[in-house]
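Participant: The structure follows.
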Amino acid sequence: MSNSTLSYYNQNAQSFSDSTLNVDMSVLYAEFLPHVTEHGHILDAGCGSARDAAYFKKQGFTVSAFDASPELAALASSYLQQPVDVKTFQQLDCVNKYDAIWCCASLLHVPKAELPQVFLNLQNALKPNGVLYVSFKYGDTERVHNGREFTDLTENGLTALIDQHTQLKIIKQWQTVDQRPGRESEVWLNALMQRLTSIGE
């Protein structure tokens, strides 16, 4: 995450958190959770307000969370009622730890050139057969908007990135519209992936 993007979230942590906490994500949960081991360990990576982590926790899952913004992580920790780490995707270095990883609207701030290594970090953090959810704003450009840097992806762009990582297999890709009021014109690319146990599985 660039310094300008991180500064944006630190300076606007409370208003950003407030604007996202009540967004209805049930349709995405319904796609993701059936693939997760019962009472499994879910990492909410780039958790923002911890809205999703809190939901998963209420459903009986073990939850861990991190965010690059110290200000957001502090708010998320309070909401989630457990510690939230301050780290970036580039600093994720665990192996075979999580049954599932949830990256909702968070990977989109990783520069495109760094995404291959980040996907490798995510793959390694998953247990074999673990599931990964990601979402990006739909498009094929890197851009700056309101002080934040974005990497937009299409299905082809995401597939090209994932094909470099032989243990990740895309299960499903689909498009949705933004659920926040006034943002209905924004299109999102969603994807579910699974870490295979061996090459060629």
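Participant: Considering each residue of the stretch 115-128, count those that are open to solvent by 10 Å² or more (accessible area, probe 1.4 Å), in contact with a Phe, Trp or Tyr (Cβ under 8 Å, 6 or more places away or on another chain) and assigned to a helix (DSSP H, G or I), and give that number.
Facilitator: Residues in the stretch 115-128 being open to solvent by 10 Å² or more (accessible area, probe 1.4 Å), in contact with a Phe, Trp or Tyr (Cβ under 8 Å, 6 or more places away or on another chain) and assigned to a helix (DSSP H, G or I): 1 in total.
Participant: Starting from the stretch 89-101, take each residue that is of a type in the set (Asp, Glu) and list its partners that are exposed (fewer than 15 other Cβ atoms within 10 Å of the Cβ), counting only C-beta distances under 8 angstrom and pairs at least six apart or across chains.
Facilitator: Asp99/Thr37
Participant: Being modelled with pLDDT under 85 and in contact with a strand residue (DSSP E or B) (Cβ under 8 Å, 6 or more places away or on another chain) narrows it down to one residue among Ser198, Ser185; which is it?
Facilitator: Only one candidate passes the filter, namely Ser185.
Participant: Please work out which one of (1) at pLDDT below 95; (2) assigned to a strand (DSSP E or B) is the condition Arg180 fails and give its number.
Facilitator: Arg180 satisfies every listed condition except (2).
Participant: Given the structure, is Phe61 more than 17 Å from Asn124 (Cα to Cα), open to solvent by less than 10 Å² (accessible area, probe 1.4 Å) and either in contact with a Ser or Thr (Cβ under 6 Å, 6 or more places away or on another chain) or in contact (Cβ under 8 Å) with a residue 12 or more places away in the chain (or both)?
Facilitator: Taking the combined requirement at face value, the residue does not satisfy it.
Participant: For the list (1) under 15 Å from the mean Cα position of the chain (by Cα); (2) among the β-branched types (Val, Ile, Thr); (3) at pLDDT 95 or above, I need the number of the one condition that Thr62 fails.
Facilitator: (1)
Participant: Condition (residue is outside any helix (DSSP H, G or I) and either in contact (Cβ under 8 Å) with a residue 24 or more places away in the chain or in contact with a His (Cβ under 9 Å, 6 or more places away or on another chain) (or both)) applied to the stretch 69-81: is it met by at least one residue? Give the steps one after another, and end with the answer.
Facilitator: First, pick out the residues of the stretch 69-81 that are outside any helix (DSSP H, G or I): 69, 81.
Now restrict to residues that are either in contact (Cβ under 8 Å) with a residue 24 or more places away in the chain or in contact with a His (Cβ under 9 Å, 6 or more places away or on another chain) (or both): 69.
Checked the stretch 69-81: at least one residue is outside any helix (DSSP H, G or I) and either in contact (Cβ under 8 Å) with a residue 24 or more places away in the chain or in contact with a His (Cβ under 9 Å, 6 or more places away or on another chain) (or both).
Participant: For Tyr8, work out the one condition from (1) over 16 Å from the mean Cα position of the chain (by Cα); (2) of a type in the set (Phe, Trp, Tyr); (3) closer than 16 Å to Ser78 by Cα it doesn't fulfil.
Facilitator: Only one criterion is unmet by Tyr8, namely (3).
Participant: For the stretch 151-160, does any single residue satisfy the condition of being surrounded by 15 or more Cβ atoms within 10 Å (Cβ to Cβ), small (Gly, Ala, Ser) and part of a loop (DSSP other than H, G, I, E, B)?
Facilitator: No: the stretch 151-160 contains no residue that is surrounded by 15 or more Cβ atoms within 10 Å (Cβ to Cβ), small (Gly, Ala, Ser) and part of a loop (DSSP other than H, G, I, E, B).
Participant: Can you work out which of the residues in the stretch 1-54 that are among the β-branched types (Val, Ile, Thr), in contact with a Gly (Cβ under 9 Å, 6 or more places away or on another chain) and part of a helix (DSSP H, G or I) is nearest to Ala191 (Cα to Cα)?
Facilitator: Thr20
Participant: When the stretch 131-148 is examined, which residues are found to be under 16 Å from the mean Cα position of the chain (by Cα) and within 19 Å of Cys47 (Cα to Cα)?
Facilitator: Val131, Leu132, Tyr133, Val134, Ser135, Phe136, Lys137
Rundown of residues vs (1) of a type in the set (S, T, N, Q); (2) open to solvent by less than 10 Å² (accessible area, probe 1.4 Å), yes/no style:
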residue	(1), (2)
Ser19	yes, no
Met25	no, no
Phe32	no, yes
Asp44	no, yes
Ser49	yes, yes
Gln90	yes, no
Ile101	no, yes
Leu108	no, yes
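The values are calculated or read from the model by the stated rules, or taken from the named source; none is laboratory data. Here the structure is a predicted model, which means the values were calculated and not measured. We place every Cβ from the backbone using ideal geometry, glycine too, and count neighbours over all the protein chains shown. Side chains included, ligands, DNA and RNA excluded: accessible areas come from the protein's heavy atoms. Shrake-Rupley method; radii C 1.70, N 1.55, O 1.52, S 1.80 Å.
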